[in-house]
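Have a look at the structure below, then the notes.
The values are calculated or read from the model by the stated rules, or taken from the named source; none is laboratory data. Keep in mind it's a predicted model, so treat the numbers as computed, not measured. So basically every Cβ, Gly included, is an ideal-geometry build from the backbone, and we count neighbours across all protein chains shown. Protein only, heavy atoms only, side chains kept; ligands, DNA and RNA dropped before computing areas. Shrake-Rupley method; radii C 1.70, N 1.55, O 1.52, S 1.80 Å.
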Amino acid sequence: MIVLLKRYRMFLVFSCVGIALLILAPDTGKKAIAVTKDNVLEMLTFLPPIFVLLGLLDVWVDRETMIKYMGANSGFRGMLLGFILGSAAAGPLYAAFPMAGVMMKKGARLLNIFIFIGAWSSTKIPLIMFETATLGFRFMALRLIFNIIGIFIIAKVLDAEARKVVLNIPDN
């Protein structure tokens, strides 16, 4: 029972906050519950197909293939593949993390996973098309160039720091 309470403690805390809001400020409590309901329904529309795709990725792509194309020795090809996969993805950012977990389990290099997550969060093709239509080509191109540079810099820094932590390499 204690393990179950520990596992779901945040859910229980937020449920208590929601109930307290309903009692103390009914209008705010009703709005909070409505927003929570909308968010849960949105997640339920995205997560099942994502988990099906993750299952297929887990079964169809063997570890050796993942290591070959996105592993430690994949070089520029792995970074480019991570960037393309992230840019072509659809759905909210929270859908990228289970995918990154499967990639990690299959042996993808952290650098490529960080690039994948960065591309998913800021260089999606539908976002680029929307920005071009609403804000203009120049704005979209500038933002895209700076995002791509930022993604690669951040991914390199995170990968280097992760290697220090995992391999226990001291700072110079």
Inset, instruction - Kindly list, by first and then second residue, each pair from a residue in the range 98-110 that is under 12 Å from residue 68 (Cα atoms) to a residue that is open to solvent by less than 20 Å² (accessible area, probe 1.4 Å) and part of a loop (DSSP other than H, G, I, E, B), limited to pairs with Cβ atoms under 9 Å and residues at least 6 apart or on different chains. - result: 106/71; 107/71; 108/71; 108/74; 109/71; 109/74
Legend entry - All positions within the range 109-120 that are open to solvent by less than 40 Å² (accessible area, probe 1.4 Å) and touching a Ser or Thr at 6+ places or on another chain (Cβ under 8 Å): 112, 119, 120
Inset, instruction - Could you please give the count of residues in the range 1-40 that are among the hydrophobic types (A, V, I, L, M, F, W, C), open to solvent by 90 Å² or more (accessible area, probe 1.4 Å) and closer than 23 Å to residue 92 by Cβ? - result: 3
Inset, instruction - Just one of (1) part of a helix (DSSP H, G or I); (2) small (Gly, Ala, Ser); (3) in contact with a Lys or Arg (Cβ under 6 Å, 6 or more places away or on another chain) trips up residue 100, so point out which. - result: (3)
Legend entry - Candidate set from the range 72-83 (those that are in contact (Cβ under 8 Å) with a residue 12 or more places away in the chain and within 19 Å of the chain's Cα centre (by Cα)); member that is farthest from residue 121 (Cα to Cα): 78
Inset, instruction - Only residues in the range 142-155 that are touching a residue at least 24 places away in the same chain (Cβ under 8 Å) count as the first member; pair them with residues that are surrounded by 11 or more Cβ atoms within 10 Å (Cβ to Cβ) and among the aromatic types (Phe, Trp, Tyr), Cβ under 6 angstrom, at least 6 apart or cross-chain, and list the lot. - result: 155/114
Inset, instruction - Look through the range 126-172, keep the residues that are modelled with pLDDT under 90 and among the basic types (Lys, Arg), and return whichever of them is nearest to residue 92 (Cα to Cα). - result: 163
